[in-house]
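Contents: one structure, followed by commentary.
Every read-out reported here was derived from the displayed coordinates using simple, explicitly stated rules and does not represent laboratory data. Quick caveat, the model's predicted, so the values are computed rather than measured. For neighbour counting, all protein chains shown are included, and Cβ atoms are generated from backbone atoms with ideal geometry for every residue, glycine included.
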Amino acid sequence: MALARLVLADPPLVILDEATAEAGSAGARVLEKAVARAVDGRTALIVAHRLSQAATADRIVVMESGRIVETGTHDALRAAGGRYAALWAAWSHSRAPAS
């Protein structure tokens, strides 16, 4: 419903806080695509814990204990080997099929 309101109101700036949090794993991908379409062409600040959603951002800000510890693109942050890279590695590993 919130995404429908967003599209109808057509604001130039959008702030979404955990927009896909309640979707569950199965519904998250569908909702992430809907969010991407709804914010297309707008400036969007998206608070997200789902790394798949963060990875699509133009700029990622990593916070820890209320402080910014890293900022950059997904690729730059992964290459830097800091906190985001560690989170991404752990998340990717948990999603890899068992061998």
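Taking Lys and Arg as +1 and Asp and Glu as -1, the other residues whose beta-carbon sits under 14 Å from that of GLY82 total 0. Rounded, prolate or oblate: pick one for region 58-99, where a ≥ b ≥ c are the square roots of the eigenvalues of its C-alpha gyration tensor, a/c under 1.5 means rounded, and failing that, prolate if a/b is larger than b/c, else oblate. Prolate.
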